[in-house]
Protein chains: 2
Amino acid sequence: MSHSPLIDELITAFKCLPGVGAKSAQRMTFNLLERNRGGALKLSQALHNAMEHINNCEQCRTFTEAQLCNLCNNPSRAESQQICIVESPQDVLAIEQTSQFKGTYFVLMGHLSPIDGIGPNEIGLDILAQRLQQDKIEEVILATNPTVEGEATAHYISQMCKKHSIRTTRIAHGVPVGGELEYIDGNTLTHAFSGRREF
Amino acid sequence: MSHSPLIDELITAFKCLPGVGAKSAQRMTFNLLERNRGGALKLSQALHNAMEHINNCEQCRTFTEAQLCNLCNNPSRAESQQICIVESPQDVLAIEQTSQFKGTYFVLMGHLSPIDGIGPNEIGLDILAQRLQQDKIEEVILATNPTVEGEATAHYISQMCKKHSIRTTRIAHGVPVGGELEYIDGNTLTHAFSGRREF
């Protein structure tokens, strides 16, 4: 209770951010009021613009304000005839930062989770099925998270690709570069051994 | 780089919040886009309203959208004839939560810091001087922070009060309740000893 309805409203509104509780929300509110009103107004505008204008790319489902995202709009990307399947737009960013992959993406915006009512259509697999049929695709790279749901989703998509006789690959799971063996969990080590290659 | 100008703009805008870096800003952006667009629009509106309408209370300088804040507007508050001097509006909240103090406040919005060009007028001591002269005040409680600048500010204000023969007190500094002696710094312990009272 700050004795000012507008300040209380702002503190409450800040709590919608992930990882922001009552104390952080209060700190943010007073910090902006005291030191950065210009930045706060910019943030207000940016929030409004983003929430009103950002939708999903018609082809890959990632977030974009246009009909097609920049990557889908880039003709050289489609040339590689590779689609990388990821769970979220952040995964696209992470992969793009490596500059290794030159194909297009398909963003599931989640993973199969029948218990939560999330079936194939909820993660856009109907759109993916269309792409597999219409586009010329050589390889589908499954880059879903190595969780139970992510693996199940990868398995489901690999079955879809089989019908169209498209090669499907799964990104490698193993010991992270720079990691120390003694701190790696057994599951990851098992993956690292079963996925070993000629040296 | 997210390949969407609006998303990039929002991520950059989030970085104006205290304690929010590139990674947190990205997490907040995608979290709101994916899960809570309504909350984000509310936050946008609350930010805009707060930044446009919140100013300083004419009497105590705390943040308020009205001419006088709720506390200054409350006639029973002035009856106690006590003014508590604090550095920031958050300090007012902290003291109000204890429900112990029933007087009015004066918020410096900082502390004296000549090296940064912050003199008496920058922290509103001209307004305080007027209040000391015009209002009927029995006691000024100095609750500035126990830092070098806070102590200097408290000292300066105590000199102002002396001119008007108003009683000035300083809140007690000592071992926090629930604290363990062995972890308390020497400075605090010295304060605790010099401020000891009959048991």
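The values are calculated or read from the model by the stated rules, or taken from the named source; none is laboratory data. Bear in mind the structure is a predicted one, so any value in this text is a computation, not a measurement. When we count neighbours, we look across all protein chains shown, and the Cβ atoms used for this are built from the backbone with ideal geometry, even at glycine.
Pull out all pairs, ordered by first then second residue, where Cβ-Cβ is under 6 Å, the residues are six or more apart or on different chains, the first lies in region A:162-176 and is surrounded by 11 or more Cβ atoms within 10 Å (Cβ to Cβ), and the second is assigned to a loop (DSSP other than H, G, I, E, B) and of a type outside the set (Ser, Thr, Tyr).
That search, which allows pairs on different chains as well, returns A:ILE166/A:ILE137; A:ILE171/A:ALA143; A:HIS173/A:PRO146; A:GLY174/A:GLY195; A:VAL175/A:ILE184.
Pick from A:ILE127, A:ILE115, A:ILE137, A:ILE141: which is in contact with a Lys or Arg (Cβ under 9 Å, 6 or more places away or on another chain), closer than 30 Å to B:GLY38 by Cβ and more than 14 Å from chain B (Cβ to nearest Cβ)?
After applying the criteria, what remains is A:ILE127.
Just one of A:GLU182, A:GLU198, A:GLU149 is assigned to a helix (DSSP H, G or I) and free of Cβ contacts under 8 Å to residues at least 24 places away in the same chain; which is it?
A:GLU182
Could you tell me whether A:GLU180 is in the same structural domain as A:GLN90 (by TED's automatic domain parsing) and of a type in the set (D, E, K, R)?
no
Look through A:ALA25, A:ALA78, A:ALA50, A:ALA94 and report the one residue that is crowded, with 21+ Cβ neighbours inside 10 Å and in a helix (DSSP H, G or I).
Within the list A:ALA25, A:ALA78, A:ALA50, A:ALA94, the selection yields A:ALA50.
Given (1) more than 17 Å from B:GLY38 (Cβ to Cβ); (2) within 7 Å of chain B (Cβ to nearest Cβ), where does A:LYS23 come up short, assuming only one miss?
Failing condition for A:LYS23: (2).
Would you point out the residue of region A:26-54, among those that are more than 7 Å from chain B (Cβ to nearest Cβ) and more than 21 Å from B:CYS57 (Cβ to Cβ), that is farthest from the chain's Cα centre (by Cα)?
A:GLY38
Please determine, by comparing only the residues of region B:181-199 that are of a type in the set (Ser, Thr, Tyr) and surrounded by 10 or more Cβ atoms within 10 Å (Cβ to Cβ), which one is farthest from the chain's Cα centre (by Cα).
Of the residues in region B:181-199, the ones of a type in the set (Ser, Thr, Tyr) are B:183, B:188, B:190, B:194.
Filter again for surrounded by 10 or more Cβ atoms within 10 Å (Cβ to Cβ), leaving B:188, B:190.
Details: B:THR188: 22, B:THR190: 26 Å.
Checking each candidate, the answer is B:THR190.
State which residue is nearest to B:GLN90 (Cα to Cα) when the search covers only region A:11-22 and only residues that are in a loop (DSSP other than H, G, I, E, B) and not charged (D, E, K, R).
Looking at the filtered set, the residue picked out is A:GLY21.
Of all the residues that make up region B:53-65, how many are buried (at least 16 other Cβ atoms within 10 Å of the Cβ) and without any contact (Cβ under 8 Å) to a residue 12 or more places away in the chain?
2
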